[in-house]
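**Q** Got a structure here, written out as structure tokens. Questions coming.
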Amino acid sequence: MTELQSPIDGAPMRKVRRYGVEIDVCSRTGGVWLDKGELEKIIDMIRDEAEDHGRRVGRRDARDARDMSDDDDDDDRFGGDRRRGRSGRSRLSDIFDF
């Protein structure tokens, strides 16, 4: 098997696999190339993640509306925002973090 070379500068490329998507990355410039269908996989993944996030936000908003009568202001004792469970990173930022 021949080693892939960057179409920009001829540098060797390395393959990175994230979430089932194979990405070719230039070792010199960090340029990214996707094979046929890979961009569609990423778009579908981001769409699914956004829909899932929308469902979670909807449930959280309903819960917050029920809790509005709670005005004893003790939330800060428990570390502020209790909903902050994720690192804040999306799959998209994980995919392209080399």
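The values are calculated or read from the model by the stated rules, or taken from the named source; none is laboratory data. Being a predicted model, the structure only gives us computed values, none of them experimental. Cβ coordinates were reconstructed from backbone atoms using ideal geometry, including for glycine residues, and neighbour counts include every protein chain displayed.
**Q** So in region 26-44, with the set limited to residues that are surrounded by 14 or more Cβ atoms within 10 Å (Cβ to Cβ) and among the β-branched types (V, I, T), which one is nearest to F98 (Cα to Cα)?
**A** V32
**Q** Then there's this: Going by the structure shown, is V32 β-branched (V, I, T), at pLDDT 90 or above and touching an Asp or Glu at 6+ places or on another chain (Cβ under 6 Å)?
**A** no
**Q** Identify, by number, the condition in (1) in contact with a strand residue (DSSP E or B) (Cβ under 8 Å, 6 or more places away or on another chain); (2) at pLDDT 90 or above that E3 doesn't meet.
**A** Looking at each condition in turn, E3 falls short on (2).
**Q** Quick one: would you say R47 is at pLDDT 85 or above and either in contact with a Lys or Arg (Cβ under 6 Å, 6 or more places away or on another chain) or surrounded by 11 or more Cβ atoms within 10 Å (Cβ to Cβ) (or both)?
**A** No, not satisfied.
**Q** Name the residues in region 10-25 that are more than 13 Å from F98 (Cβ to Cβ) and loosely packed, with under 11 Cβ neighbours inside 10 Å, would you?
**A** Answer for region 10-25, where residues must be more than 13 Å from F98 (Cβ to Cβ) and loosely packed, with under 11 Cβ neighbours inside 10 Å: G10, G20.
**Q** If you go through region 77-92 one residue at a time, do you hit one that is within 24 Å of L4 (Cβ to Cβ) and at pLDDT 85 or above?
**A** no
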